[in-house]
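For reference, the structure is listed below as structure tokens.
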Amino acid sequence: MASWGVTPGPLNDELLFLGGEHRAAYYFQDPTTDAGIIRLRRGDANFWKFIKQKPIHRNVMTHLEIAGFAGIIQCGNRKLDRGLITALVERWRPETHTFHLPVGECTVTLQDVEVLWGLKVDGDAVSGTDVVLAKHELIQKFQFLTGCTLPDNSTDRQKINLVAIFNLIKIEFPENPTDDECKKRARLIILHLIGATIFPDSASNWVHANFLSHVDNLVDCGKLSWGSATLAWLYRQLCKATKMTTRDVSGPLFLLQLWAWERLPTIAPINNRTVNFELPYDGKVGNLAMFQRPRIA
């Protein structure tokens with residue numbers, strides 16, 4: 001029986017010169033090396049369960065809106081589709097930062113980040129700082145900004161443990177808080193969102209101390225281009241995940257899934273709720289319980 005010569009492409013490798021290192025190429029070179037479905041790294045599951053049971057105080061939400069992070073809270077949480085994320089990673093090309101689909105190329109844009117999550121995409125860039133804090137300085141600065149004391153084992157060089165931050169968020173919040181208490185609670189929530197939802201790494205349980213300086217003044221925080229930083233981090237994590245030796249992927253994966261649902265509507269859930277156009281695009285669709293998977297005839 002004649003065999004068919006099938007190649008994953010590209011036919012011309014002048015642009016897509018990393019084809020041999022891409023995980024998709026291994027399916028054709030040696031199928032036994034297929035790592036299967038990619039593991040998704042995220043550390044925010046308990047946080048979303050908690051705020052669903054105990055919604056964030058309205059005055060705290062006001063400060064989250066000023067800082068530019070209210071949209072993520074309003075969007076809520078969805079279960080990630082490992083198969084979908086894996087399929088997208090297999091089609092991601094690090095050379096062009098685009099997905100290569102049968103119909104052509106497409107990618108996540110700044111507009112997608114702003115519309116889907118409500119993150120600001122203009123303004124000053126989110127950058128780090130050259131100041132290295134000693135352990136006691138880090139703990140003191142954290143206490144000054146949040147009003148909470150970190151346990152001794154909750155820091156590692158210039159990083160803060162997300163579990164410790166989440167445990168502080170779980171502490172009972174007063175029904176009639178002062179404005180200062182609301183600001184400090186908002187900073188706690190923002191730090192957790194940054195480390196666990198927006199910029200999670202392969203460990204998914206740390207947030208860098210550099211972000212403390214960004215949440216000091218919430219008004220200035222809201223002027224930063226968090227959307228562009230989010231998109232850059234998503235691109236970086238997708239590029240790392242295309243290597244065959246990589247077994248997991250992190251980053252703002254929920255944003256990636258939302259993008260796929262909007263750009264590939266045939267695989268998206270169906271929403272039966274009334275649309276609220278005052279919220280970010282994903283926040284308007286309401287609770288996941290109101291979704292159902294479409295049936296394929």
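List of remarks:
- Relative contact order of segment 42-290, pairs being alpha-carbon contacts under 8 Å that are 6 or more residues apart, as %: 31
- Residue exposure sequence - Ile267, Ile189, Ile85 - by fewest surrounding Cβ within 10 Å: Ile267, Ile85, Ile189
- Among the listed pairs Lys120/Lys240; Lys49/Lys79; Lys54/Lys120; Lys54/Lys141; Lys54/Lys184; Lys54/Lys170, those with a Cα-Cα distance over 21 Å are Lys120/Lys240; Lys54/Lys120; Lys54/Lys141.
- Amide H contacts under 5 Å for Ile56, placed H, 5+ residues apart: none
- Extending 7 Å from the Cα toward the beta-carbon at both Tyr235 and Asp122 defines two label points whose distance is 2.0 nm.
- By the beta-carbon count within 10 Å of each Cβ, the least crowded to most crowded order of Asp44, Asp220, Asp124, fewest first, is Asp124, Asp220, Asp44.
- Principal axis dimensions, largest first and in whole angstrom, of segment 42-290 by Cα: 54, 43, 31
Computed from the coordinates by the stated procedures, all read-outs in this text should not be read as laboratory data. In this text the structure is predicted, and so the values were computed from the model without any measurement. Note that each Cβ is placed from the backbone with ideal geometry, even for glycine, and that neighbours are counted across all protein chains shown.
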